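All remarks here apply to the structure that follows.
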């Protein structure tokens, strides 16, 4: 098993709940491809008021794939095609090969400044989950 997957699994076994669950959050669903792309791009540069799915799912998957590639050496597009990238916790996550036409413009819009929008929040979860070190 890859190191990041092992850390992710250990984190979830030891921490079955965390504040990013959808159980107590207001979510907004959008289904038009153009709306998904637009809202995902908004996630890159601003804090959105509510969880907008599946736009948020694309953003989280792209961030995780970029950072896992950087930290562990796996290939970005292989990661986006891994159905277990988000540990099965996101019912709106879809793999890259099924939704290239949605992923590509969102990937292209990823900002150089990773301190914008929701990216720092996503990074916080990534550090806890994928780089899990046994501490909470």
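No value in this document is a laboratory result; all are computed from the given coordinates. Remember, it's a predicted structure, so these values are computed and weren't measured experimentally. Cβ coordinates were reconstructed from backbone atoms using ideal geometry, including for glycine residues, and neighbour counts include every protein chain displayed.
Okay, here's what the table says:
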quantity	calculated
Estimated [θ] at 222 nm from DSSP helical runs (n ≥ 4, -39500 (n - 2.57)) normalised by residues in the chain, nearest 500	-15500 deg cm²/dmol
Residue with peak Gaussian network fluctuation, the chain [Cα springs, cutoff 10 Å], from 61, 109, 40	109
Approximate spin-label separation residue 46-residue 78, in nm, with each point projected 7 Å along Cα-to-Cβ	3.8
The stretch 3-129: Rg to Rh, with Rh as the Kirkwood radius over Cα pairs	0.93
Average Cα contact separation per residue, the stretch 32-100, under 8 Å, 6 or more apart, as relative contact order %	26
Length-normalised contact order of the chain in % [C-alpha pairs under 8 Å, at least 6 apart]	36
Theoretical FRET efficiency, 1/(1+(r/R0)^6), r = Cβ-Cβ of residue 112 and residue 87, R0 25 Å, to 0.05	0.35
Among 30, 102, 122: highest mean-square fluctuation, GNM of the chain, C-alpha pairs under 10 Å	30
Cα centroid separation, the stretch 64-118 to the stretch 24-54 (Å)	15
Using alpha-carbon coordinates, inclination of helix 3-14 to the longest axis of the chain, degrees	80
Footprinting exposure proxy for 98, 129 (fewest neighbouring C-beta atoms within 10 Å first)	98, 129
Sorted by Cβ neighbour density within 10 Å, fewest at the top, the residues 56, 128	128, 56
Order of 12, 101, 43 - criterion: other Cβ atoms within 10 Å of each residue's Cβ, fewest first	101, 12, 43
